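Engineer: Handing you a structure now.
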Amino acid sequence: MSMLTPPGMGGKYRITGDVYPRMRRPHRRRRIVLASAAAVVVLGAAGWGTLQLVDVFSGDGTKTTAGKQADCKPTPKATTAPAAAFPKPAQITVNVYNATPRSGLAKTTADELKKRGFKIGKVGNAPTAYDKKVPGAGLLLGAPAATKGAFPVLGTQLAGTTVKTDTRGTADVDLILGTAFKTLSPKATADAALVALTKPAPAVKPCR
C-alpha cells in the first residue's frame, strides 16, 4: 500500500504509482440544482395564477360590459311626446241632470262646474230613461267624439263616473248625477287630475 493511500482505504481507492482514485463529489450540488428547478416551477405557477386572477377581476368585467353594450340597442334621440289635444273646460258645454230623489243637486253642481271654468247648458231633472236609474256617482252622455275629448276632461271633476254615447249631433255633453253622488271631487284634486291628463308623456331615456 502506498503511503499516499488514506488509512482504511484500499482496493480501487489504493494509490499506486501515478494513478489517483476519482473521489465522488458530494450530493449537495445536485440538491441545490433540484431545489432551484422546483423554485422556478413554483414561481411560474404563481405567476400564471396571478394572471388568471387579473383576468377574472378585469378582463371578464370588460367582456361583461361589452356584452351589456351589445345588448343595449341604440335608440333615437329622446324627445318629449306631445300631449293629447284635449279641449279646455271653457270649450265644453255641460248639461247637468239630477237622477236622484234629492232635490237641488243639479243646480249646486252646475254652479260649481261653472266656477271651475265649464260652460253650463241645461240644468234640471234627468230624462225618464235615466231618472233614478243611474246607480253610480254619475253618467257622462254624449256623442262618440266626446270619448276622446270632453269625457276625459269632465271626468276629472267627479270620480266613479261611467260613460255612454248616443246619436246626438252636437258637442255638448250630459252629466247625469246618480244615486251614489255626494259631491264633486275637491277642486285641488280635480285640478291635479286635469294637469296630469294634459301633461306631455315622459321622454324615453336611451340605454346606457
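Engineer: Looking at this model, which pairs from 119/187; 122/148; 115/187; 164/187; 88/133; 119/182 are more than 19 angstrom apart at the alpha-carbon?
Structural biologist: On the way: 119/187 17 Å; 122/148 22 Å; 115/187 10 Å; 164/187 25 Å; 88/133 30 Å; 119/182 21 Å.
122/148; 164/187; 88/133; 119/182, as the Cα separations exceed 19 Å there.
Engineer: Near the amide H of residue 92, under 5 Å away, which other amide H atoms are found, from residues 5 or more places off or on another chain, if H is placed in the peptide plane?
Structural biologist: Here 119 satisfy the definition.
Engineer: Oh, and also: Using a 10 Å cut-off on Cβ atoms, rank the peptides 114-121, 158-165 from the highest mean neighbour count down.
Structural biologist: Numbers: 114-121: 14.5, 158-165: 16.1.
Top to bottom by mean Cβ count within 10 Å: 158-165, 114-121.
Engineer: Further question: Pull out a ≥ b ≥ c, the square roots of the eigenvalues of the alpha-carbon gyration tensor of segment 127-187, then state rounded if a/c is under 1.5, prolate if not and a/b is larger than b/c, and oblate in the remaining case.
Structural biologist: Judged from the Cα gyration tensor, segment 127-187 comes out oblate (a/c at least 1.5, b/c at or above a/b).
Engineer: Going by amide H atoms built from the backbone, whose H comes under 5 Å of the H on residue 179, apart from near neighbours?
Structural biologist: Amide H neighbours of residue 179, under 5 Å, 5+ apart: 134, 136.
Engineer: How much net charge surrounds residue 122 when only other residues with a Cβ under 10 Å from its Cβ are counted (Lys, Arg +1; Asp, Glu -1)?
Structural biologist: Values: positive: none; negative: 172, 174.
Result for the neighbourhood of residue 122: -2.
Engineer: Net charge near residue 146: determine it from the other residues with C-beta under 13 Å of the C-beta of residue 146, scoring Lys and Arg +1 and Asp and Glu -1. It would help to have the intermediate numbers written out before the result.
Structural biologist: Numbers: positive: 148, 164, 168; negative: 166, 172, 174.
Spelling it out: positives minus negatives among the neighbours equals 0.
Engineer: So, for segment 145-187, what is the accessible surface per residue at a probe of 1.4 Å, expressed in square angstrom? All intermediate terms of the calculation are to be shown ahead of the outcome.
Structural biologist: Details: 2140 Å² over 43 residues.
Dividing the accessible area of segment 145-187 by its residue count gives 50 Å².
The values are calculated or read from the model by the stated rules, or taken from the named source; none is laboratory data. No experiment lies behind these values; they were computed from the predicted model shown. Neighbour counts run over all protein chains shown; Cβ positions are idealised from the backbone, glycine included. Heavy atoms of the whole protein, side chains included, go into the accessibility calculation; ligands, DNA and RNA do not. Shrake-Rupley method; radii C 1.70, N 1.55, O 1.52, S 1.80 Å.
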